[in-house]
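Note sheet for the following structure.
The values are calculated or read from the model by the stated rules, or taken from the named source; none is laboratory data. All values derive from a computational prediction rather than experimental measurement. Cβ placement follows ideal geometry from the backbone for every residue including glycine, while neighbour counts extend to all protein chains displayed.
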Amino acid sequence: MGKVSINQSVYGTTPEGDQVDLYTLKNAHGMQVDVITFGGIITKLTVSNTDGKFENVVLGYDNLESYLSNPTYFGAIIGRFGNRISKGKFSLNGTDYPLAINNGPNHLHGGIKGFDKVIWNAEPIETNDKVALKLSYLSEDMEEGYPGNLNVTVTYTLRADNTLEVAYQATTDKATVVNLTQHSYFNLSGDFTKTVTDEEVMINADFYVPTDETAIPLGTLESVTNTPFDFRTPKRVGQDINAEHSQIANGSGYDHTWVLNHPAKQVNLVASVLDKDSGRYMEVFTDQPGVQFYTGNFLDSALPYGDGAHYADRTGLCLETQHYPDSPNQEDFPSTVLNPGDIYKTETHFKFSVK
Ligand code: GLA
């Protein structure tokens, strides 16, 4: 058995002259998670296949410069509000809040400089059999148009059982909206020239959130029965990804939120991914009401990575646990409002094993 460790090194310097650090977390079984303080980005997540071969299974870059723009949000913490807000506006307690329009006609992932583009304070924590990195950030009142000074912490814990826990916490001094998530793109084969269409996915959801062609919810929930959106029993990602279905057309594949079948506020198994060739298996546990399953349909817009290589569409998949998109404008969706005195507290676990 190896030794549990967490190491810090300098990753780079931003154009503003701020230092960005890299933290490498390792558990006793050799699983490794690399995190940079810029955007809280997971740059690498290295796990074994059935033959004991360790490979990185998350898409990313090998330099800070690429992460400074990172148009696809590889590996980043997303906030204050993950996913889209229709037309970049919402109102809360009678006040209208205009936000940046940065995705077609809508607001995406907290705006121009969301939590994916800020430098987080980092505190390494080491206990007997696990290591953690506690990231914290103060998002000031009206940053990116959102009300309230929001104190946020995101703690990545690498456990002995090959689970990466992501625990989010936030408090505010004015009523605001919050919806945080993690934007890693997984390709369990470890070979990023391969698409994820042969990986098998399960999502424990009887309903999903249909959207318009700009990815804004229609306001209804639709049954997955007899649709390409039924992943209740594990299914090859590629099986129905090109099916003739107006929702598949809207997302150019899967790019939707599934309504998770589980009691709110409890951490349950909600999704899994299996790569049969390598045997790598990932289970996702969360207390969140939804998961955005995105099959990397627009990855050709990602930046090139090393040696002239370029990510191609569908070479990674995201399981972004969160509330439903545009919740601040949708009365029937679970609320994303955070009031002073309350604590936003949620967690998601990614557990790796082999089958
Ligand atoms: C963002 C979202 C994804 C997907 C892409 C589309 O990254 O988080 O779910 O909608 O945009 O480009």
Answer residue from region 287-314, given it is more than 11 Å from the ligand (Cβ to nearest atom) and either under 15 Å from VAL201 (Cβ atoms) or small (Gly, Ala, Ser) (or both) and is surrounded by the most Cβ atoms within 10 Å (Cβ to Cβ) among those: GLY290
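Taking SER86, is it of a type in the set (S, T, N, Q) and buried (at least 22 other Cβ atoms within 10 Å of the Cβ)?
When the stated conditions are applied, SER86 does not pass them.
So, restricting to strands (runs of 3 or more DSSP E) that lie completely within region 110-194, which ones have at least 1 residues that are under 24 Å from ASP326 (Cβ atoms)?
Working: elements: 121-126, 131-139, 150-158, 163-172.
Ranges flagged: 131-139, 150-158, 163-172.
Each row is one residue, and each column tells you yes or no for (1) of a type in the set (A, V, I, L, M, F, W, C); (2) modelled with pLDDT under 95.
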site: TRP258; (1), (2): yes, no
site: ASN261; (1), (2): no, no
site: VAL270; (1), (2): yes, no
site: THR295; (1), (2): no, no
site: ALA302; (1), (2): yes, yes
site: ASP313; (1), (2): no, no
site: LEU338; (1), (2): yes, no
site: LYS345; (1), (2): no, no
site: PHE350; (1), (2): yes, no
The listed residue being hydrophobic (A, V, I, L, M, F, W, C) and either within 19 Å of THR214 (Cβ to Cβ) or over 16 Å from the mean Cα position of the chain (by Cα) (or both), out of VAL267, VAL291, VAL284, VAL273: VAL267
Any hit, region 316-333, residues being away from the ligand (no atom under 16 Å from the Cβ), surrounded by fewer than 16 Cβ atoms within 10 Å (Cβ to Cβ), not β-branched (Val, Ile, Thr) and not in a strand (DSSP E or B): yes
Output for region 249-274, where each listed residue is part of a loop (DSSP other than H, G, I, E, B) and within 16 Å of the ligand (Cβ to nearest atom): SER252, GLY253, TYR254
Checklist (1) within 28 Å of ASP51 (Cβ to Cβ); (2) touching an Asp or Glu at 6+ places or on another chain (Cβ under 6 Å) applied to GLN292, failing item: (1)
Unique match (being assigned to a strand (DSSP E or B), of a type in the set (Val, Ile, Thr), touching a Lys or Arg at 6+ places or on another chain (Cβ under 7 Å) and closer than 25 Å to VAL291 by Cβ) among VAL35, VAL47: VAL47
